[in-house]
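Below is one structure, written out as structure tokens, with a few remarks after it.
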Amino acid sequence: MKKVLAIGLVLCLMLMTLTGCQQPAPAATVSDTAAVTDTATTADAAAAASVSGELNVALAADIAPDSVTEWTKMFNKDYPDVKLNVALEDASSYEVTIEPLIAAGELPDVLGIGCTDWFATLADKGYFLDVSGTPGWNAQLDVLKQMYTSSTGVHFAVANGVETELLFYNIDQFEQAGVKSVPTNWQEFLDCCQKLKDAGFQPLAVAGASPNNLGHSFVSFGIAQEIVASGFDPSWNTKARDGEYDFSTPEWQSILDKTVVLRDAGYFQRGYESADLYECMRAVSAGEVAMTIQGSYQTGNILVDGGANIGITTVPWNEPGEAQVGIVIAGDGYAMGKNSNNNVDLATKFFNYVTFDNAYVYQNMSGTIPPWIDSAADMPNAIVNEKLKSAWDASNALTIKSLEPQQAFTAIVYEQVKQFVQAVILGSAEPSQIGDYLNPAQQEYLATLNK
Amino acid sequence: MRSRSFLLAREKSKREYNMKKKRSVRYYKDIWKWTGAMMALPGIVMIALFIIVPFFMNVGYAFTDYNTASDVPNFIGFANFKTMFNDRDFWLVCTNTLKLILTYVLGGNILAILLGVMITNVNRKYGNFVKTAIYFPQLLSMVVVGFLWRIIFSYNNGPVNHFLEWIGVPPDLLPQWLGIPALIIPSISVALIWLISGYYSIIYHAGMMSIPMSYYEVSAIEGANRWQEFVHVTLPFLAPSITINTVLLTVESLSAFAVPASMTGGGGPGRYGTTLALWSYTTYFNNHQYGKAIAISVLLGVFAVILAFIELKILLKKEIGNA
């Protein structure tokens, strides 16, 4: 009996292994999500068929992992004689994939990257090819071109979307609490929070255990209002990248004052200190908490089928009479790695394939805002959530713009920003201590520049 | 009577036989020696290539401005160590690591011994099931274990807080296991102990199985109860297992990375859930301060050697025969 059981177990394990080895079918193929416009003529197909070679690519599989599968399938079909080696990247930490490849001298021909100073530094050091002149580069928004240009002028990536920070709110709970209209300034926002609290709702979901998220939301809008919109130092990030910068001024010391007001008034959800990002978004989509401030890229995680009735609006961090500020976030991008084995022509073909010709594959699966100047012409079939689109249009129409902290600070300083904002949320640091956290990190950053 | 020549011939033949035998033994000894060396060679090469050489390279890089994207690393003396010691979080991270070592080594050993006793005493019918159940967590990925315990300790939806609520703890008094600085490291420790106790209990179980039954028979005749039997017979004989487990647990807690990282979302809030190993990782991959990250890992290695040395010095003395 035991033998039979043992043999059965081994067979089961083998079957499971074999099943696991099968290529998973994409959850939603391009043909399901969009009307595919097949523009390839017979002549194009013949030309594509004559192309041969080998390509190493590393693509992110985070927000829309099926897009990688779909692109691979499509490319293999269009270029049957090209051997495409695909490595998957973790979009929350591209460096973990890229670092060892650089150290081994095996930078992929095409790779997914984030819009941070580290990748700009790599571009300056000659690790990426200049992609200006490619159709994707020409078509993307000017702000994205600016963000994907290194300090020495290398145009190193094409973004897969453009994002912003928005306020997601529960329409039904607003009505029940007697909030007649969405808040458009800080005072209205506080009134709204109080009404929600009085009505028995938890006003604001905060991911206290996700420092990156705190950086995106509270620090984002603190800088947007106190440093950029106030006119104190709109170009602070360029200065901080290039040399000495003092973060202990009164303006910087006030960027988290409003966060402390919200915390002290008890507007954060119970257990916010240990809530992570996904717990926070789940609480809002399940109707347990009324509002949250999140990146537009999280729309799909908050507006879920069968969930709460959620609306989207711009974040009212401005005092009455002050202008609102829009946050601009470059979507992750694609770059072309430079190494001695490069088949540049072939790499360019794949680069254009994913960044422009078939960029809709990722766009439709992720639901992001297309990165193009003229979306109607460049991506006519893009599928974007209507609520998100109108919120993006409203945010984009704001005349003052500020960058998301992760993309504005250098990596060393941003790591301390995360520590600082969490310390303030926990009550173990005051907003006025910002200089104690950021200035030493700025010095460490400068030391790396001088090497 | 045999002739002298016959005796001489016999003596010669005997000598030759002995010489031959000696030569043959030496021959096979030599062969065996070389075969053994050849068989160990792949292992030695692997250890040298992937452990010893990188270790010394690491120590070397800690004194340079090494950067993946830089051309040639330059010698910069103790600058990386100075940056590390001057970091505002240095003492907090060291304290976290020491707290983890204390709770993990102590808790891990106690639970593993208790489980070892349970395995040894459980009857044969259920023995294998109990052993498998206790060992099971060891088969899980550390990241999975981290996320699992993150859910278990979740403030709003975790089973621990649901249980506390069920027994009457008011919602306002429910602890935030992963949100209050004082509770974070002990919570991580609980998860790690759950993960490893099965493995270490097997070592203790093996130790208990090797204790001669006669000692238990004598103690029974002397009228010892179960507790006295455990304290005066089992524990002294387990001393070698305690020594090895303590050293292994210490080294493991120093290098604890995946569980704290996945449980606390990267070592937070602040750096209250960050251990030295995790700090080295975030310094490397988030800050891109390679020299500093390597300096932290060198410090970690020094800690491991010092702690293991102290533990061995103390525990070996306690073992039977060494006292």
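The values are calculated or read from the model by the stated rules, or taken from the named source; none is laboratory data. What you are looking at is a predicted structure, and each value in this text was computed from that prediction instead of being measured. A quick note on method: Cβ atoms are made from the backbone with ideal geometry, for glycine too, and the neighbour counts reach across all protein chains shown. Note: accessible area is taken over every heavy atom of the protein model, side chains too, but ligands, DNA and RNA are not part of it. Shrake-Rupley method; radii C 1.70, N 1.55, O 1.52, S 1.80 Å.
Convex hull volume of the Cα atoms of chain A, normalised per residue: 194 Å³. Long hydrophobic helices in chain B, taken as whole DSSP H segments with a C-alpha length of 24 Å or more on their own axis and mean Kyte-Doolittle hydropathy at least -1.0: B:4-47, B:90-121, B:181-209, B:235-254, B:290-318. Relative contact order, whole percent, for chain A stands at 24, derived from Cα pairs under 8 Å and 6 or more residues apart. Among the listed pairs A:K83/A:K125; A:K258/B:K99; A:K239/A:K401, a Cα-Cα separation exceeding 27 Å is found for A:K83/A:K125; A:K258/B:K99. Its relative contact order, with pairs defined as Cα atoms under 8 Å and 6+ residues apart, puts the range B:122-252 at 22 percent. Looking at the protein assembly as shown, the accessible area is 49 square angstrom per residue; that uses a 1.4 Å probe and ignores ligands, DNA and RNA. Stokes-Einstein diffusion of the range B:242-306 at 10 °C, 1.306 mPa s viscosity, Kirkwood radius from Cα pairs, rounded to a whole number: 129 µm²/s.
Bridges between two residues of the protein assembly as shown, per DSSP, are antiparallel at a rate of about 55%.
What accessible area, summed over both chains, is buried at the A-B interface (1.4 Å probe, Å², nearest 100)? Protein heavy atoms only, the A-B interface buries about 2800 Å². Between the beta carbons of A:L88 and B:A40, assuming R0 = 45 Å, the FRET efficiency works out to 0.70 to the nearest 0.05. With kT/(6 pi eta Rh) evaluated at 25 °C and eta = 0.890 mPa s, and Rh the Kirkwood radius from Cα pairs, the range B:105-175 diffuses with a coefficient of 166 µm²/s according to Stokes-Einstein.
Element breakdown for chain A at a 1.4 angstrom probe: carbon and sulfur atoms account for 53% of the accessible area. Remark: the Cα gyration tensor places the range B:79-318 in the oblate category, a/c being 1.5 or greater and a/b not exceeding b/c. Mean sequence separation of contacting Cα pairs (under 8 Å, at least six apart), scaled by the length of chain B, corresponds to a relative contact order of 24 percent.
In the range B:1-61, what is the volume of the convex hull around the alpha carbon atoms, normalised per residue and reported in Å³? Measuring per residue, one finds 77 Å³ for the Cα hull of the range B:1-61. Partners of B:K14 within straight-line reach, counting lysines whose Cα lies under 16 Å from its Cα and excluding those fewer than 8 residues away in the same chain: B:K22.
Grab the DSSP H runs of chain A that are 4 residues or longer, score each as -39,500 (n - 2.57), total them, divide by all residues and round the 222 nm result to the nearest 500 deg cm²/dmol.
The helix-only estimate for chain A comes to -12500 deg cm²/dmol at 222 nm.
Remark: the protein assembly as shown carries a charge dipole of roughly 6300 debye about the Cα centre, counting +1 on each Lys and Arg Cβ and -1 on each Asp and Glu Cβ. Helices that extend 27 Å or more along their long axis by alpha-carbon positions and average at least 1.0 on the Kyte-Doolittle scale are, among the DSSP H runs of chain A, A:2-21.
Taking 22 Å as R0, compute the FRET efficiency from the Cβ-Cβ separation of B:K318 and B:V251 and round it to 0.05. With R0 = 22 Å, the Cβ-Cβ based efficiency is 0.65.
With a 1.4 Å probe and all protein chains left in place, how much of the accessible area of the range B:79-318 comes from carbon and sulfur atoms, in whole percent? On the range B:79-318, the fraction of accessible area on carbon and sulfur atoms equals 72 percent.
Above 52 Å, the calculated P(r) of the protein assembly as shown contains 25 percent of its Cα-Cα pairs.
Within the range B:1-61, what whole-number % of the accessible surface is contributed by carbon and sulfur, with the 1.4 Å probe and all protein chains included in the calculation?
70
Going toward the positive end of the dipole of the protein assembly as shown, with +1 on Lys and Arg Cβ and -1 on Asp and Glu Cβ, which of A:W317, B:M209, B:T246 do you reach last? Result: B:M209, furthest along the dipole toward the positive end. A simple charge model with +1 on the Cβ of Lys and Arg, -1 on the Cβ of Asp and Glu and nothing else charged puts the dipole of chain B at about 2600 debye relative to its Cα centre.
Charge dipole of the range A:299-451 (Cα centre as origin; +1 on each Lys and Arg Cβ, -1 on each Asp and Glu Cβ, all else neutral): 300 debye, rounded to the nearest 20.
Provide the percentage of antiparallel DSSP beta bridges, counting only those with both residues in chain A; round to the nearest 5. Given both bridge residues lie in chain A, the antiparallel proportion sits at roughly 55 percent. Taking the charge dipole of the range A:355-412 about its Cα centre, with +1 at Lys and Arg Cβ atoms and -1 at Asp and Glu Cβ atoms, the residue from A:L388, A:P370, A:A359 reaching farthest to the positive side is A:L388.
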